[in-house]
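Trainee: Questions regarding the structure given below will be posed in turn.
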Amino acid sequence: GLARRREAVAKGQKERAMEVTPAEVPAGFAFAPAAAIGEGAFVRRWARECFEEIGMLGMQRTPLAGDDWRACQALERRMVHAIDALAALGPAAIGYVEGLAMDAPVANPMSVFTIAMIGGCLEGRDALAGAERVLHRFGPNDPAVAEAFAGAMKLGPNPFVPGAMRSLFEGGELGCRAIGVEVLAHRGWLTAAELEELSEEEDPQVLALALPALAEARHPDLGRALDRALGHTNLRVQAAALDAMALAAHPRAATAAREAAAGALGERALVRLALVAGEEDARWLLGRLKASVSPAAVEAVGWAGLVEAVPVLLGLLESEEEEVRLAAGAALERLLGAK
């Protein structure tokens with residue numbers, strides 16, 4: 001009987017509590033949760049969040065001058081986590097982010113990098129095909145689009161990336177060929193036959209990208225390709241030839257850089273000379289700086305490492321030109337470790 005009475009009392013208390021009218025809460029202070037969203041809306045919302053996160057981190061991951069590469073490790077991990085989260089959302093999310101990139105009214109390098117990074121990190125051909133569709137939507141001949149796409153393809157572990165890049169390389173469109181060569185060369189995937197073909201390349205954009213790969217492979221046709229490149233009218237090709245000579249530790253690297261500095265390439269050859277300079281070349285760079293002060297000449301002297309350059313650089317810290325002062329400070333830091 002006692003148990004039944006307790007049950008009746010509890011039931012009465014519950015009924016009276018339900019009859020109590022809640023007090024009115026002033027507008028703006030009442031808790032009004034948003035309506036529940038469906039599974040599809042939830043996936044799309046977080047897919048967009050991950051998409052924007054990957055793009056933002058992709059633009060921030062390269063360190064500024066003087067930064068330690070290890071300082072970017074946190075950004076790298078955060079980007080990988082965002083890719084993992086997107087993959088966990090499933091196929092619907094992967095299909096949705098392609099639309100986000102495709103629907104941009106103008107070419108957006110951040111979106112191109114993002115979709116290419118996603119396609120390059122998810123195993124399978126379909127996701128990678130989505131990145132290719134975005135590339136062709138905005139045009140591989142746009143330098144900003146090509147740089148963003150190639151930058152992601154240089155990182156992606158998707159096993160279908162080599163085949164996709166080789167398809168671009170073998171295609172007829174110049175922008176596609178350039179992207180294919182850049183990625184294949186960067187990742188060491190060019191075959192001996194492809195390197196031989198590239199040594200005879202006529203297009204200056206593709207030739208400039210192929211020269212470093214020929215140098216790293218110590219290809220037998222490197223010398224002939226360098227001779228053509230050094231005499232080329234395109235300055236980008238000339239600069240690439242100097243880079244290739246430095247990579248190959250070519251015995252004529254310093255001589256070619258000095259000749260280029262006296263020619264049309266001008267100051268763009270100075271740092272390249274400093275990287276391969278002997279003592280005589282370092283003195284030549286110092287003499288050129290004394291004769292004509294410029295930020296490029298100051299930077300080159302800092303890389304050349306000549307002790308006699310220190311007093312000259314200290315004097316340039318009082319230059320009226322801000323760029324020269326900054327270059328002199330950076331050169332002294334490089335030479336002496338001064339802060």
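Trainee: In a GNM of the chain with a 10 Å cut-off on Cα contacts, which of GLU259, GLU200, GLU318 has the highest mean-square fluctuation?
Mentor: GLU318
Trainee: So, one more: For a test of the definition: using alpha carbon positions, the gyration tensor, and the 1.5 limit on a/c, classify the stretch 48-113 as rounded, prolate or oblate.
Mentor: Values: a/c = 4.45, a/b = 1.52, b/c = 2.92.
Taking the square roots of the gyration eigenvalues as a ≥ b ≥ c, the stretch 48-113 is oblate.
Trainee: Of ALA71, PRO204, VAL106, whose Cα points farthest to the positive end of the dipole of the stretch 65-224 (charges on the beta-carbon: +1 Lys, Arg; -1 Asp, Glu; origin at the Cα centre)?
Mentor: Of ALA71, PRO204, VAL106, it is ALA71.
Trainee: Provide the descending list of Cα extents for the stretch 87-139 along its principal axes, expressed in whole angstroms.
Mentor: So the extents along the principal axes, rounded to whole Å, are 29, 16, 14.
Trainee: At a 1.4 Å probe radius, carbon and sulfur cover how many percent of the accessible area of the stretch 47-106?
Mentor: Carbon plus sulfur share of accessible area: 58 percent.
Trainee: Further, regarding this structure: I'd like the distance between the alpha-carbon centres of the stretch 231-246 and the stretch 168-207, rounded to an integer number of Å.
Mentor: First find each Cα centre; the distance between them is then 16 Å.
Trainee: Report the charge-dipole magnitude of the chain in Debye, nearest 20, computed about the Cα centre from +1 at each Lys and Arg Cβ and -1 at each Asp and Glu Cβ.
Mentor: 1580 debye
Trainee: Next question, about the same structure. Defining a contact as two alpha carbons under 8 Å apart and six or more residues distant in sequence, what relative contact order in percent does the chain show?
Mentor: Values: 391 pairs, mean separation 24.7, N = 339.
Answer for the chain is 7 percent.
Trainee: Which percent of the accessible heavy-atom area of the stretch 199-338 goes to carbon and sulfur, probe 1.4 angstrom?
Mentor: On the way: 3560 of 6860 Å².
Ligands and nucleic acids excluded, carbon and sulfur give 52 percent.
Trainee: For GLU194, what charge total do you get from the other residues with a beta carbon under 11 Å from its beta carbon, if Lys and Arg give +1 and Asp and Glu give -1?
Mentor: Here the charged neighbours net out to -3.
Trainee: Okay, next question. Taking a 1.4 Å probe, which of MET59, MET153 shows the most accessible area, and what order do the others take after it?
Mentor: Largest to smallest exposure gives the sequence MET59, MET153.
Trainee: Among [x] 1.50; [y] 1.07; [z] 1.32, which is the computed Cα Rg over 2.2 N^0.38 Å?
Mentor: For Cα Rg over 2.2 N^0.38 Å, the calculated option is [x].
Trainee: Additional query: Against the longest alpha carbon principal axis of the chain, how many degrees, from 0 to 90 and to the nearest 10, is the axis of helix 2-19 turned?
Mentor: 60 degrees
Trainee: Could you work out [θ]222 nm for the chain from helices alone, using -39500 (n - 2.57) per DSSP H run of at least four and dividing by all its residues? Round to the nearest 500 deg cm²/dmol.
Mentor: So the helix-based figure for the chain works out to -21500 deg cm²/dmol.
Trainee: Classify the stretch 183-339 from the C-alpha gyration tensor, please: rounded if a/c falls under 1.5, else prolate or oblate depending on whether a/b exceeds b/c.
Mentor: Prolate, because a/c is 1.5 or more and a/b exceeds b/c.
Trainee: A follow-up question, please. I want to verify a result. In a Gaussian network model of the chain, Cα cutoff 10 Å, which of these has the top mean-square fluctuation: PRO26, PRO311, PRO91?
Mentor: Among PRO26, PRO311, PRO91, the largest GNM mean-square fluctuation belongs to PRO26.
Trainee: Could you state the angle between the C-alpha long axis of helix 279-291 and the longest principal axis of the C-alpha atoms of the chain, as a value from 0 to 90 degrees rounded to the nearest 10?
Mentor: 80 degrees
Trainee: What does the accessible area per residue of the stretch 86-192 come to in Å², with a 1.4 Å probe and no ligands, DNA or RNA counted? Could you put the intermediate results ahead of the total?
Mentor: Values: 4330 Å² over 107 residues.
Here the per-residue accessible area is 40 Å².
Trainee: Something else about it: Between ALA246, ALA260, ALA34, where does the largest GNM mean-square fluctuation fall for the chain, given springs only between Cα atoms within less than 10 Å?
Mentor: In the Gaussian network model the winner is ALA34.
Trainee: Also, quick follow-up: Would you tally the net charge around LEU155, using a Cβ to Cβ cut-off of less than 10 Å, leaving LEU155 out, and scoring K and R as +1, D and E as -1? It would help to have the intermediate numbers written out before the result.
Mentor: On the way: positive: ARG61, LYS154, ARG187; negative: GLU76.
After counting each charged neighbour, the total is +2.
Trainee: If you average the sequence gap of Cα pairs under 8 Å that are 6 or more apart and divide by the length of the stretch 168-286, what percent do you get for the contact order?
Mentor: 17 percent
Trainee: Could you report the accessible area of PHE149 in Å², rounded to 10, computed with a 1.4 Å probe on the protein chains as they sit in the structure?
Mentor: 0 Å²
Trainee: Top to bottom by accessible area (1.4 Å), largest first, where do MET117, MET110 land? Don't skip to the answer; put the middle values down first.
Mentor: On the way: MET117 15, MET110 65 Å².
Descending order: MET110, MET117.
The values are calculated or read from the model by the stated rules, or taken from the named source; none is laboratory data. The structure presented is a predicted model; accordingly, all values stated were derived computationally and were not measured. Backbone-built Cβ (ideal geometry, glycine too); neighbour counts: all protein chains shown. With ligands, DNA and RNA removed, areas are computed over all heavy atoms of the protein, side chains included. Shrake-Rupley method; radii C 1.70, N 1.55, O 1.52, S 1.80 Å.
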